[in-house]
1. Among the residues of segment 50-81, count how many are within 12 Å of ligand 1 (Cβ to nearest atom) and part of a strand (DSSP E or B).
2. Among the residues in segment 333-348, are any away from ligand 2 (no atom under 16 Å from the Cβ), at pLDDT 95 or above and either of a type in the set (Gly, Ala, Ser) or over 26 Å from Ala11 (Cα atoms) (or both)?
3. For Pro346, which of the numbered conditions (1) surrounded by 14 or more Cβ atoms within 10 Å (Cβ to Cβ); (2) outside any helix (DSSP H, G or I) fails to hold?
4. Give segment 270-299 a look and list any residue that's more than 16 Å from ligand 1 (Cβ to nearest atom) and open to solvent by 70 Å² or more (accessible area, probe 1.4 Å), or say none.
5. Going by the conditions given, is Ala57 at pLDDT 95 or above and more than 23 Å from Val242 (Cα to Cα)?
6. Give the residue, chosen from Leu339, Leu270, Leu294, Leu314, that is without any contact (Cβ under 8 Å) to a residue 60 or more places away in the chain, part of a helix (DSSP H, G or I) and not β-branched (Val, Ile, Thr).
7. If I filter segment 21-39 for residues that are within 16 Å of ligand 2 (Cβ to nearest atom) and of a type in the set (D, E, K, R), do I get at least one hit?
8. Count, please, the residues in segment 13-42 that happen to be of a type in the set (Lys, Arg) and either without any contact (Cβ under 8 Å) to a residue 60 or more places away in the chain or within 16 Å of ligand 1 (Cβ to nearest atom) (or both).
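The values are calculated or read from the model by the stated rules, or taken from the named source; none is laboratory data. Treat the numbers as computed from the prediction; the structure is a model and nothing was measured. Reconstructed Cβ throughout: ideal geometry from the backbone, glycine too, with neighbour counts over all protein chains shown. Accessible surface areas use protein heavy atoms only, side chains included; no ligands, DNA or RNA. Shrake-Rupley method; radii C 1.70, N 1.55, O 1.52, S 1.80 Å.
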Amino acid sequence: MTRGKERGLEARLRGKRVLVCVGAGGVGKTTTAAALALGLAARGAKVAVVTIDPARALAAALGLDELSGEPHQIDPALLSAQGVAPPGELWAMALDVKRTFDEIVTRLSPDARSREEILSNPVYRELSSTVAGVQELGAVTKLYELHHEHNFDVIVLDTPPSRNALDFLETPTNLLRFLEGRALKVFLAPGGLTARFLGRGTGLVFAIFARVTGVDMLGELSRFFASLTGVIDGFGERIRGVAELLREESTSFLVVTSPEPEPAREAVFLAGRLTAAGMARDGVIVNRVHLHGLDGHSAAEVQALLCTELGDSLARRVAGNLADFDVLVCRDRDTIARLREELAEPDPVIVPHLNEDIQDLAGLARIAEHLFA
Ligand SMILES: Nc1ncnc2c1ncn2[C@@H]1O[C@H](COP(=O)(O)OP(=O)(O)O)[C@@H](O)[C@H]1O
Ligand SMILES: [Mg+2]
């Protein structure tokens, strides 16, 4: 195995065109994705970061106050202070998942009428906003578009804050299975299930349902599926494209975790599933690590060391504080050791817990420094 620098993130990510940050919610995925993008731009790449639910301050720093559905370039003048100079460029967009889904339909619909039919259909509205996995689909289809329709060197993709990060990975294939599966064909076939339903006793049940609730469920459903016919081919192709893109050699998954036990367990689980799904994991990032406590001394030793500088009472308080931190330092060290072993990852990237929230380009640059250290 190569040693030293070659194991650093920069070397590992060389030649990669798509980076996907996965991990539990709240561990710093969005921050890491943005910092990675900034760091790569500082190394001369034209980078787009696709964020999901960025914290408000970070969104503002990236110029994402309004969702446009398209990446926009961050002012090079602002970036130069963070070491980004041509040919490096940083572009950012925030994903509005719902809009992305509508956009896909809009793009793929053969004509305005069928587009309107789908977009206004109550079943579609329900499906596109609530069904599990549709969010994730929105994210990956946007990725596909950016990859194929723009000339970014690298696209960094943040992933939705799903309880189960794997929905994200499995959605394309599941949806494809659904679209190509028999269930849908049966619905769509002329004189198929829908027609039969309507013509029989079950039709009566639905008719009563419709009268009571005012929702013509079956009618809506069949209209929905009928209007989908026109877009299905393009959709399937896109989803297949995404599924392939996620497994390409130039695509990397980065598992992001905090050193807390629960997210760390999720990281191990997630890594296993990535491997099972044939997706390459090229790095593990442990974010918000506590590095400094008593640094191997006892609290009494530290207090004695600080005593002349700070006076007795303050020295005791500081030593007490450091002792509290020391608990976290030890916990984090244990978690990292466990992650090393369970992920067979000798070199996880360690990003320290910084004292302030990361809410501007300078903050991202500080994180990037650690990522690429
Ligand atoms: N290394 C760090 N040090 C200090 N604060 C951090 C660090 N990484 C992330 N944060 C803060 O943690 C919060 C959650 O980060 P975020 O990236 O939104 O997490 P996620 O996308 O995983 O939900 C944000 O307020 C961010 O500023
Ligand atoms: Mg996030």
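1. Total satisfying the criteria: 1.
2. yes
3. The failed condition is (1).
4. Correct list: Arg273, Thr275, Ala276, Asp295, Gly296, His297.
5. Numbers: at pLDDT 95 or above: no; more than 23 Å from Val242 (Cα to Cα): yes.
Spelling it out, it is not the case that Ala57 is at pLDDT 95 or above and more than 23 Å from Val242 (Cα to Cα).
6. On the way: Leu339 fails: without any contact (Cβ under 8 Å) to a residue 60 or more places away in the chain; Leu270 fails: without any contact (Cβ under 8 Å) to a residue 60 or more places away in the chain; Leu294 fails: part of a helix (DSSP H, G or I).
None of the others qualify; the one that does is Leu314.
7. Yes; the residues of segment 21-39 include at least one that is within 16 Å of ligand 2 (Cβ to nearest atom) and of a type in the set (D, E, K, R).
8. 2
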